[in-house]
1. Given the conditions (1) under 16 Å from GLY510 (Cβ atoms); (2) surrounded by fewer than 18 Cβ atoms within 10 Å (Cβ to Cβ); (3) under 22 Å from the mean Cα position of the chain (by Cα); (4) modelled with pLDDT of 85 or more, which single one is not true for SER843?
2. In this structure, does ALA360 turn out to be modelled with pLDDT of 85 or more and in a helix (DSSP H, G or I)?
3. Quick one: how many residues across the range 732-774 are within 26 Å of LYS711 (Cα to Cα) and either open to solvent by less than 20 Å² (accessible area, probe 1.4 Å) or β-branched (Val, Ile, Thr) (or both)?
4. Do any helices (runs of 4 or more DSSP H) entirely within the range 295-340 hold 2 or more residues that are open to solvent by less than 50 Å² (accessible area, probe 1.4 Å) and not polar (S, T, N, Q), and if so, which?
5. State whether one or more residues within the range 660-671 are open to solvent by less than 10 Å² (accessible area, probe 1.4 Å) and in contact (Cβ under 8 Å) with a residue 12 or more places away in the chain.
6. Out of all the residues in the range 259-268, is one or more open to solvent by 30 Å² or more (accessible area, probe 1.4 Å) and assigned to a helix (DSSP H, G or I)?
7. Only residues in the range 416-427 that are more than 18 Å from PRO440 (Cα to Cα) count as the first member; pair them with residues that are surrounded by 13 or more Cβ atoms within 10 Å (Cβ to Cβ), Cβ under 6 angstrom, at least 6 apart or cross-chain, and list the lot.
8. Could you please find all residues in the range 206-258 being under 37 Å from the mean Cα position of the chain (by Cα), small (Gly, Ala, Ser) and closer than 21 Å to MET275 by Cβ?
Amino acid sequence: MLHDLLFRIRTLFRRPGIEVELEDELRFHRQQQLEKYLSAGLNPAEAHRRVRLEFGGLDQIKEECRDARGVQLLDTLARDLRYALRVLRKSPGFTIVATVTLALGIGANTAIFSLLYGVLLRPLPYHDPASLIVLHETTPMVGVVSPSYPNYLDWRAQTRAFSNMAVINSVAFNLSGIERPENITGIAVSPNFLSLLGIHPLLGRDFDPSEEKAGAAPVVMLSHTLWQTHFGADRKAIGQTIALDGRSFVIIGVLPPQFRWLETVDVVEPVGVWMNGNTSYRERGERGDSAVIARLASGVGLRQAQTELEGIAARLAQAYPGTNDQFGVTLRPIRDVFVSEIRPAVMVLFAAVTFVLLIACANVASLFLMRGIARTREMSLRIAVGATRGRIVAHLLAESFVLTFLGGFAGLALAVVAIRAAAGFIPEGLLAGANIDLNPTVLLFTAGIATAAAFAFGLGPALHSTKADVQSELKEGGRGTTSGAAASRWRSILVVAEISLALILLVGAGLLMKSLSRLLSVDAGVRTERVLTMQMSLRTAQYRKNPAILNFWDRVLAGVRALPGVQAAALGTGVPLTGDHSRTDITIEGMTPPKPGNYPHPDVHIVTPDYVTALGVRLLRGREVTVMDTEDSPRVAIINERLAQQFFGRADPIGKRFVFSHPSADQAPPWITIVGVVGDTKLYGLANPSRLEVYLPFRQVVSDSMTLIVKSATDAPAMTSAIRSVIASIDKDQPIFGIATMEQLVRFSVSTRRVTFIILGAFSTLALVLSAIGIYGVISYSVAQRSHEIAVRMALGAAPGDVLRIMLGQAARIVGAGVITGAVASFALTRLMSNLLYSVSSSDPLTFAAVTGVLALVAMLACYIPARRTLRVDPMTALRSE
């Protein structure tokens, strides 16, 4: 019996499913032998022991057979791959075209997925980032505003929904004591900030809780980059001092290289140290440039935390109505804060490259179908000699995988080039500190899409090549008149899909192009030609008094205005399109005092004479700031057109008065008289509406941080070196930073839309080319296969024009089906990108019509060329060749 089983195992294990059969048979014989021993009077333990001894060898043989079968499968796979390489090497044209097509699709997907992963999916470098929430306050008039520090302290003391909470305030320093002074940025934080995030310093220590109180000793942590560039990555930097704003700060730590925040961070200081020079920050009504980050307690959801914080905000509004009435609170997961602006654009681009890959797969599948028809006799011969359908499909899929491997490898090389190009093309601010690279996750994604692509374009043609009715297939193509009705239908379907996908991409690109064109035509309220801007901040002790600050600004203006080519020069606390502006409440004389959250809340600019002239802001009424507006003259201001219309209507605002903040009845307010009205400017980007604006003379409200605006007669950037020399001659330790022309600020204000349009436009062009190639190939092959029919028609007297109309009519049906399908899909899908559009409907009919016309024209041209070429063939020559 055992010898019989051994023979069956060794001879039949190659049959599919043989393991199951053998297992059932071995189980039967074991049970039979066990019953035999038990009936002979052996006790159960002894009977089981003997059965195990007798059948143990068979189990080993069974495992050996399984191993042998695995080896056989590997050998078969290796043979298929070697044969696939030989076959593809014999068809270099087919191999090159298919490989390049796949490389473009896979490379584009890899590059965009690396962007998507880096920005949206890569885990933030914090402990349990899903539980980190960013908190701000809200008002009915403005929306989201920075929280006040006392309110943060009350939140932290009263909350039960959060296990930890910290405040963060944006700060900046002038770094001196080096060859060229620099302005560096950072954050002032609660001492528990790093521990809340789950981050430990690379070197040194974390902040101490005592450093949250005002009066703390000046200590600072360096970013990893600053530590490397300015201290040579010397571990002995801990304990040394660094000169910031003319003060010595002791370096107590270095942040790890993976540290990431919403903005560039060069240094981190305790909030207590920062409050030493910003005492107003401790007042409840003061709301600077800050945020609060908190970690949800275990088992607490975002909605529960929102409800609790709203309750705390309501209690604070009752306790402090003068500063907190109608102030609410908003909570956002930290991931949303990082990526909210760029997420829609990245998702649109990822959808676009997915379509490009599908078009590439459709193209290669069409090539495989046409190639499969030519190999029908080969497949028939294989079936005739006993090959199963599964073996033939496996062999053809091996060719697909070889092509995909070649295309994937080339695609990775293209992705590396694209990622490097994107690093210099995409503004750093859009990425929120994300790192875009080829990491293991991206490589795994590439392997996944390559595998999916291999099945997508290989499985259908492989199954078609192994149709059971082989003889019928051979007859169908026997005279070369057609590649088979079924194959023709599939190729037509693939081309329809390509045209549809290409139309979707082209419509999206067309909408973005029209949107960007309209956005760039928006009046920013200023003239941008040959205007240079640069920022300065006077932070050292010598500029603690107003006379010293004013003297510095006067000397800067005098020196810059004396430079050759300067037409106008002025200073202001900000310029349009930057989004960096101060706001405050005002009370207009005679108005009924509203609730705290409903006061007019304009952006306030402190400006020098010629500010309006240098920027080209329109002066509508009255006058601009002049040298006569000094600290000893009556206080005056200029307002913008929107503020004038909203609060004065048709009345002339010149001579009207207002006061900052909320005056009390028992105190005479320092009234400010309106002396001019200027046009609105786009402070927060071209796509955002204008806001209320107030302009104050720089001598009446002194600011130590200003932006220099220079209107030149020549190339504006060429003035930078001369201006830098002027400032260095006044104060060699004073850095200038944020150097940009107004034209650059315009481009940056639309950078998300511009980058999205350029990349989507490139993908759309690629999709159009691939679709044109696809339809060209299908029509070329169809025309070639119908050469006999065309020759007969022409031999019987058909005019070339009639034959051409027949061929183009066939192509027009395919193109029409693709255009109609694509238009319907575009109408539905473009709604998803409506938040990227400006003043353009996602179903803009003109864009749809123009894109459809372009695609149809290109597609019909791709059809016309092969059809026209066939008409040049002599009918008798074509018939004789048949």
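The values are calculated or read from the model by the stated rules, or taken from the named source; none is laboratory data. Keep in mind it's a predicted model, so treat the numbers as computed, not measured. As a convention, Cβ positions derive from the backbone with ideal geometry for all residues, glycine included, and neighbour counts pool all protein chains shown. These area figures cover heavy atoms from the full protein model, side chains too; ligands, DNA and RNA do not enter into them. Shrake-Rupley method; radii C 1.70, N 1.55, O 1.52, S 1.80 Å.
1. Unmet for SER843, out of (1) under 16 Å from GLY510 (Cβ atoms); (2) surrounded by fewer than 18 Cβ atoms within 10 Å (Cβ to Cβ); (3) under 22 Å from the mean Cα position of the chain (by Cα); (4) modelled with pLDDT of 85 or more: (3).
2. Values: modelled with pLDDT of 85 or more: yes; in a helix (DSSP H, G or I): yes.
Taking the combined requirement at face value, the residue satisfies it.
3. Going residue by residue through the range 732-774, those that are within 26 Å of LYS711 (Cα to Cα) are 732-751.
Now restrict to residues that are either open to solvent by less than 20 Å² (accessible area, probe 1.4 Å) or β-branched (Val, Ile, Thr) (or both): 734-736, 739-742, 746, 750-751.
Looking only at that region, the number is 10.
4. Numbers: elements: 302-319, 321-324, 334-339.
By residue number, 302-319, 334-339.
5. no
6. So the first thing to find is which residues in the range 259-268 are open to solvent by 30 Å² or more (accessible area, probe 1.4 Å), and the list is 259, 262-264, 266.
Those still in the list that are assigned to a helix (DSSP H, G or I) too: none.
The answer is no, given that none of the residues of the range 259-268 is open to solvent by 30 Å² or more (accessible area, probe 1.4 Å) and assigned to a helix (DSSP H, G or I).
7. ILE426/VAL755; PRO427/SER751
8. Passing the criteria: only GLY253.
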